[in-house]
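The values are calculated or read from the model by the stated rules, or taken from the named source; none is laboratory data. Quick caveat, the model's predicted, so the values are computed rather than measured. We place every Cβ from the backbone using ideal geometry, glycine too, and count neighbours over all the protein chains shown. Heads up: the accessible areas ignore ligands, DNA and RNA and are worked out on the full protein's heavy atoms, side chains in. Shrake-Rupley method; radii C 1.70, N 1.55, O 1.52, S 1.80 Å.
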Amino acid sequence: MTDTNIPCHIAIILDGNGRWAKKRGLPRTAGHARGAETFRKIATYCKNIGVEYLTVYAFSSENWKRPPEEVKTIMKLLDNYLHEAIDTMERDHIKMKVLGDVEGLSPELQALVAKTDEISTRYDGFQANICLNYGGRAEIVNAAKRYAEDLASGKVTELDEKIFGNYMYSAEIPDPDLLIRPGGEQRISNFLLWQCAYSEFYFTDILWPDFTPDELDKAIAEFNRRDRRFGGAK
Ligand code: IPE
Ligand code: IPE
Ligand code: MG
């Protein structure tokens, strides 16, 4: 991919795991397991081609509505995944951040999140962000509450977009340049509502477990054909 502008920040809604499994007569949870493998491959590919931030939507604040057995399996997979990710972070010097309402996760997952935060302080470079128990509206409300506390205590006096952005889970992370949603749905499902103001959207029918580096290249090629004006004139 010569002369290609690689997006600094790619965000992906990891959708289609359940349908991938159903098509094969497997339980939905088999799709989640395969989806976790796909994430590993795509994260490595992103790092190799020079993407600086990869943010993935893995479990939304609305996904608790799923059958308890499915939620339980997803939580177990996340636990396994974070254990493994901690080893990878230390081996490859990767930063990883969990974005979302961490307090709503199990104590075991919270401890793993704290560990990934601690390891991330040691490294610079590629950063993976995993959105867990994440909702875009909840993030904005949480930021407003924390801002109000700081205002009341005199810690802040001003308010503008930059200052407010620092109260988001995504503080210090640049906005996504490219948002990809596999799985065929063309909606945002409460993902990064604040941060996607000027992101380029790319939708594909490919189900997330079938997503490959080639598919990512296609999304990046399409991104390179877009004319980003940010409200300005051409
Ligand atoms: C995405 O895949 C994973 C989560 C939301 C946890 P889905 O489970 O939503 O898969 P589909 O959309 O039902 O195929
Ligand atoms: C969005 O997918 C959330 C994640 C991928 C984590 P959903 O499958 O939950 O979204 P809807 O229900 O199709 O909008
Ligand atoms: Mg879905």
Residues in segment 31-54: is at least one closer than 19 Å to Ser106 by Cβ and among the hydroxyl-bearing types (Ser, Thr, Tyr)? no
Test: Asp79 is of a type in the set (D, E, K, R) and in contact with a Leu (Cβ under 8 Å, 6 or more places away or on another chain): yes
Considering only segment 166-189, how many residues are touching a strand residue (DSSP E or B) at 6+ places or on another chain (Cβ under 7 Å), within 13 Å of ligand 3 (Cβ to nearest atom), farther than 20 Å from Thr212 by Cα and open to solvent by 50 Å² or more (accessible area, probe 1.4 Å)? 0
Any idea which residue in segment 50-72 is farthest from the chain's Cα centre (by Cα), counting only those that are hydrophobic (A, V, I, L, M, F, W, C) and open to solvent by 30 Å² or more (accessible area, probe 1.4 Å)? Trp64
Of all residues in segment 171-186, which are within 11 Å of ligand 2 (Cβ to nearest atom) and either farther than 30 Å from Glu161 by Cβ or part of a loop (DSSP other than H, G, I, E, B) (or both)? Pro182, Gly183, Gly184, Glu185, Gln186
Considering every residue within segment 33-40, establish whether at least one is over 19 Å from Phe211 (Cβ atoms) and open to solvent by less than 70 Å² (accessible area, probe 1.4 Å). no
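Here is a yes/no grid of residues against (1) in a loop (DSSP other than H, G, I, E, B); (2) touching a helix residue (DSSP H, G or I) at 6+ places or on another chain (Cβ under 7 Å):
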position	(1), (2)
Tyr81	no, yes
Thr116	no, yes
Tyr123	yes, no
Ala128	no, yes
Cys131	no, no
Glu139	no, no
Asp150	no, no
If a residue has to be more than 29 Å from Asn142 (Cβ to Cβ) and assigned to a helix (DSSP H, G or I) to count, how many in segment 187-234 make the cut? 15
When restricted to Val98, Val71, the only residue of a type outside the set (Gly, Ala, Ser), within 16 Å of ligand 2 (Cβ to nearest atom) and either within 18 Å of Asp117 (Cα to Cα) or in contact (Cβ under 8 Å) with a residue 60 or more places away in the chain (or both) is Val98
Tally of residues being of a type in the set (S, T, N, Q) and open to solvent by 30 Å² or more (accessible area, probe 1.4 Å) across segment 191-202: 0
Candidates Arg19, Arg34, Arg24 - the one that is at pLDDT 95 or above, under 21 Å from the mean Cα position of the chain (by Cα), more than 13 Å from ligand 2 (Cβ to nearest atom) and under 21 Å from Glu70 (Cα atoms): Arg34
